[in-house]
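The values are calculated or read from the model by the stated rules, or taken from the named source; none is laboratory data. Model, not experiment: these values are computed from the prediction. In this analysis, Cβ positions are derived from the backbone assuming ideal geometry, glycine residues included, and neighbour counts consider all displayed protein chains. Each accessible area value is taken on the protein alone, full model and side chains, heavy atoms only, with ligands, DNA and RNA left out. Shrake-Rupley method; radii C 1.70, N 1.55, O 1.52, S 1.80 Å.
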Amino acid sequence: MAYSFLAHPLYDNEQNVQLSGLDSSSAAISCYSFPQLQNVNDVASTWIPTLSDETGSYKRLKRTTSMGEFLESTYNSLYSKGSMGSKSSSTISRTISTSSLNSLPGLHIRDHIKTYTQRYLAAEGVEEATSAIAGPDFNGETREDGVADGMRLVQLLISCAEAVACRDKTHASVLLAELRANALVFGSSFQRVASCFVQGLTDRLALVQPLGTVGLTAATMNIMDIASEKKEEALRLVYEVCPHIQFGHFVANLSILEAFEGEKFVHVVDLGMSLGLPHGQQWRHLISSLANRTGQPPRCVRITGVGLCIEQYQIIGDELEAYAGSLGINLEFSVVESSLENLRPEDIKLRKNEVVAINSILQLHCVVKESRGALNAVLQIIHELSPKVLVLVEQDSSHNGPFFLGRFMEALHYYSAIFDSLDAMLPKYDTRRAKIEQFYFAEEIKNIVSCEGPARMERHERVDQWRRRMSRAGFQPAPIKMIARAKEWLGKLEFCEGYTIVEEKGCLVLGWKSKPIVAASCWKC
């Protein structure tokens, strides 16, 4: 599994330090350190089995440690120095942020990469010698070649990211050329995710100013490109193929239904209008549940969509009103044409005696900025609406740290897990998978890697950071008590095995094997 050797808790993204533009080489040096690999002799002692029995007759080598296990232990040794917790099938492990930034050694990152490379090559030599002795029938040879190729790509990506951070255009260009030759769009899962990071590094390198200047040149945002037909199709495919968004809708609807229990006048404010997915699937399910629940349905259901795609939202609203009417539900739909940052309290029209629920699916991370002011303002407006429940669903990863290299490594770990899940769900040459990867996830990756300042919208943070943010804004956690129903829901879907749902401090976290992907939490005033 490509992502299994990418875990690396080297930074604490709660420190929301503002950096203008690209990290200078001194910033990169001070924030990013590679702890030493375990001694190669120790690696060899665990890697090479005994070659002869008590009689002295030699036997064919039998592997006692898989290549994946070796790489996992090596990478964890490289980055975590034992800080990684134990993993189990029932619990999603997450990297533990440490405060080691204050005590990191001052070695240049290239020195660490050189050490990393030398020891990796030494271990690779041990592997090649072992394979030679074992002969051509060595079990798992093809798989391990693939793992070795993946490790080579990891090394190249790290070296290239460091060269870009240091504004070494010449060295970065050489590495990018080699990466393009090996990071294939229709290759292995890690080759495919590497191709997306290569695109991001290429874009970032193009924005690098000459040494002696500060930061990056201004990146431009093409709104039409963001709302392109390819992007919309990719979003629809993500909804159909991956459980990420459906998981958010499932948790949100159950929480909203609980808040609306016994109420006659109910109002949902949807930030981002469920990403603009066609037909309003989330609200169709909610309307159907309200119509079929025990007792009388609400006398009036209101849905207010907040966003900039007003025509698209109105089409969805018209469809929802017609659907609700067919089920005997009185639905009123309205649209507030505004970005979240420009939203005002008076934009949301409230009525007396109605119960309000706020729905935010993968939206609020776009308002997170270095100063925190924008998000605080939005949360203050939401708080003034006095919602009975606020459902917050966000990517559970640390892509908003103050240092470029830290964000890069965390994103590489996170998206490698997602691409690995796609590898298990869809055939190699399936065009749906290519569209999902290249027109949806690749866009997120490129934004994280290549953009800074206002242009960087994908500022994902971990659920613990969201807890602190929400608490500071005056919200209280409302624990989600539906883990059994969530697991039952996941089991009924046609997603492959490997996805898990766990409860963590009152939140529900959807993960791919050992890696958290999406977290859902509920809040009240």
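Things worth noting here:
- Computed with every protein chain present, the accessible area of Thr500 is close to 30 Å² [probe 1.4 Å].
- In segment 463-500, GluC sites (Glu not before Pro) in a DSSP loop with at most 11 other beta-carbon atoms within 10 Å: Glu494
- With 28 Å as the limit on Cα-Cα distance, the pairs of Lys446/Lys513; Lys369/Lys524; Lys435/Lys492; Lys435/Lys505; Lys169/Lys428 that go past it are Lys435/Lys505; Lys169/Lys428.
- Radius ratio Rg over Rh of segment 336-448, counting only Cα atoms, Kirkwood formula for Rh: 1.07
- For segment 311-343 versus segment 157-193, the gap between their alpha-carbon centres in whole angstrom: 45
- Gain upon complete extension [Val502, Thr431; 0.36 nm per residue less C-alpha separation]: 22.4 nm
- Amide proton proximity set for Val336, modelled H, under 5 Å, gap of 5+: Gly305, Val306, Gly307
- Note on surface exposure: Tyr415, Tyr440 rank Tyr440, Tyr415 by accessible area, highest first, 1.4 Å probe.
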